[in-house]
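Presented below is the structure to which this report refers.
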Amino acid sequence: MTLDEYKNYLINNLNINEEVINYVIDVYGYNEDTLNNIIYYYTGYRDIEQYTELEDIITYNKYYEGGEEE
């Protein structure tokens, strides 16, 4: 995932305000560490890979724990 794709994911999927992201990037630089820090602040996950893996598991578990009515 490129930095631009990562940034767009934060904006589009996590609904993080683009102005906030741009401000943090202006202060700390446009790099993966900065974007990882943003995702950690908003989600508690260390990076985008950890977030997507664990959120997929949580979504899967919620779907199957509720079960379908028989």
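Just so it is clear, none of the values below were taken in a lab; they were calculated from the coordinates. For clarity, every value in this text was computed on a predicted model and none was experimentally measured. Note that we place each Cβ from the backbone using ideal geometry, even for glycine, and neighbour counts take in every protein chain shown.
Here are the numbers:
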item: Tilt relative to the chain, helix 32-43 - C-alpha long axis, 0 to 90 degrees, to 10; result: 50
item: Extension gain (nm, one decimal) between Asp26 and Glu49, 0.36 nm per residue minus Cα-Cα; result: 5.9 nm
item: Residue-count net charge about Ile38 - beta-carbon cut-off 13 Å; Lys, Arg +1, Asp, Glu -1; result: -4
item: Relative contact order of the chain, defined on C-alpha pairs under 8 angstrom at six or more residues apart (%); result: 20
